[in-house]
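The values are calculated or read from the model by the stated rules, or taken from the named source; none is laboratory data. Predicted, not measured: the structure shown is a model, and the values here were computed from it. No Cβ is skipped: glycine too gets one built from the backbone with ideal geometry, and neighbour counts run over all protein chains shown.
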Amino acid sequence: MQQLANKRILLGITGGIAAYKAAELVRILKKAGADVRVVMTSGAMEFITPLTLQALSGNTVHHALLDSEAEAGMGHIELAKWADLLLIAPASANFISRLSQGMGDDLLTTISLATDAPLALAPAMNQAMWRDPITQDNIGHLIDIKGSKLYMFGPAEGSQACGDTGPGRMLEPAEIALAAADLFETGLLSGQHVVITAGPTREALDPVRYISNHSSGKMGYAMAIAARDAGARVTLISGPVNLPAPDRVQVIDVVSAREMLEASLAQLDDCDIFIASAAVADYRPLNVANQKIKKSGETIELTLVKNPDIISTVASHQPRPFSIGFAAETQDLDTYARRKLNEKNLDMIIANDVSLADIGFNSDQNAVTVFWAESQQAFEPRSKSSLAGDLMELIAHQFQQYRKDKAATSSQEQE
Ligand code: PMT
């Protein structure tokens, strides 16, 4: 179910005994990496409490249409726009009937009318209600109107809570989650955890001064968005920048190189790919003054000490992620980049010429050459966001190859 990673599922729960199974459905969707928000009808709340679903989804449960406080938080139109999929499970006969008539008399029907997202219904009702020509007519009408935007998940046949046997049972939560996953394409990096460092670090001299560089974070943030769009779960460890946190990316803010190292190491247990695009200060002041340093003589001496090398530390860690560095060079790009690839024990290095004003630091454009053991590939100047998309394709390809080689080596070792 890797396709569900980062997907936004708006789960509508209507009144019926199968509503209790919605708790398990939320748990499975969350485990698959989906962001889940729940909307309940009044009937649903007779069968299961909003508190249970709030605890499992990690989000406030929505219920009332005319609630000014809830609307001020995330209103019904925002919820409708937010969803990648509106999944209604269980969908009662009454709800299906109201939906087919285009009613908007509660929050869930209103959202159903307002959303552009595909709609999936998992019906649950007594077998006689399901067989009733009116219910069948309502479903036929919905299929006619919604066409390819409507998906029917079930119902299943079998024994029912009321003692009857026949069609109308809601599919099991795991089956519904699988059917939902099938609606989304598999991204190149689906299910992978990608950790990216971005921006500059600041190394304090005293309470008001620091050593830093011109990195804006644009390249690293573009890489984070590209990894997210390729289906990965993304953690972005960011130095101080003036960029908004990308949607659906976990951002960890840090200031100094040592903080960036600590935040990076904390991600390594389940990190598949580590991309170091941050411009980390190589040195920091040996002593940080407690008070502002006073102006005195014509010159001032600073003693700097080496910072830890974050990407080298990550690349020698066990478990070791697929490790990618950037190289900021002003001359002999190929020689220096290949040297860093080897010395830092990296799988790939993305080199840019930072002596040019229109690419590299702070610009919206970049041009790079990517080096790895067997080969290299140049990318002509383009926007950082378009470049990041192309780089992510190459990274995903090299990562799959790395995984295959690793699996082959370990099976040879076992023989
Ligand atoms: O942020 P922007 O304004 O968009 O600019 C993008 C960029 C020019 C900063 C980016 O494309 C880039 O080149 N980032 C790497 C900058 C850098 O520090 O390069 P380096 O050649 O000094 O370092 C090589 C690699 O080691 C880098 O992956 C760096 O993150 C890493 N490193 C360096 C020092 C250190 N102490 N720890 C590290 O992990």
Of Ala80, Ala89, the only residue that is in contact with a Phe, Trp or Tyr (Cβ under 9 Å, 6 or more places away or on another chain) and closer than 21 Å to Phe153 by Cα is Ala89
Report task. Would you mind stating whether Asn366 is touching a helix residue (DSSP H, G or I) at 6+ places or on another chain (Cβ under 6 Å), farther than 25 Å from Ala230 by Cα and in contact (Cβ under 8 Å) with a residue 60 or more places away in the chain? Result -> no
Residue hits (segment 240-273; within 12 Å of the ligand (Cβ to nearest atom) and under 20 Å from Asn366 (Cβ atoms)) are Val241, Asn242, Leu243
Report whether or not Asp309 is of a type outside the set (A, V, I, L, M) and either surrounded by 20 or more Cβ atoms within 10 Å (Cβ to Cβ) or within 16 Å of the ligand (Cβ to nearest atom) (or both).
yes
Going through segment 171-187 in order, the residues found to be over 20 Å from Tyr20 (Cβ atoms) and buried (at least 18 other Cβ atoms within 10 Å of the Cβ) are Ala181, Phe184, Gly187
Here the residues within segment 292-306 that are loosely packed, with under 11 Cβ neighbours inside 10 Å and away from the ligand (no atom under 16 Å from the Cβ) are Lys294, Lys295, Ser296, Gly297, Glu298, Thr299, Ile300, Glu301, Thr303
Checked Asp270, Asp206 against criteria (in contact with a His (Cβ under 7 Å, 6 or more places away or on another chain), in the same structural domain as Lys384 (by TED's automatic domain parsing) and more than 19 Å from Gly325 (Cβ to Cβ)); the one match is Asp270
Within segment 232-239, identify whether any single residue is more than 17 Å from the chain's Cα centre (by Cα) and within 12 Å of the ligand (Cβ to nearest atom), and answer yes or no.
yes
- With respect to Thr186, is the statement that it is in a strand (DSSP E or B), touching a residue at least 12 places away in the same chain (Cβ under 8 Å) and under 29 Å from Ala230 (Cα atoms) true? no
Per the filter on segment 324-379, residues within 9 Å of the ligand (Cβ to nearest atom) and over 28 Å from Asp272 (Cβ atoms) are Val354, Ile359, Phe361, Asn362, Ser363, Asp364
Those residues of segment 288-314 which are out of contact with any Leu (no Cβ under 9 Å at 6 or more places or on another chain) and free of Cβ contacts under 8 Å to residues at least 24 places away in the same chain amount to Lys294, Lys295, Ser296, Gly297, Glu298, Thr299, Ile300, Glu301
Does Gly168 qualify as being crowded, with 20+ Cβ neighbours inside 10 Å and touching a residue at least 60 places away in the same chain (Cβ under 8 Å)? no
Flagged in segment 312-323 as over 26 Å from Ile359 (Cα atoms), within 12 Å of the ligand (Cβ to nearest atom) and crowded, with 22+ Cβ neighbours inside 10 Å, in numbering order, are Val314
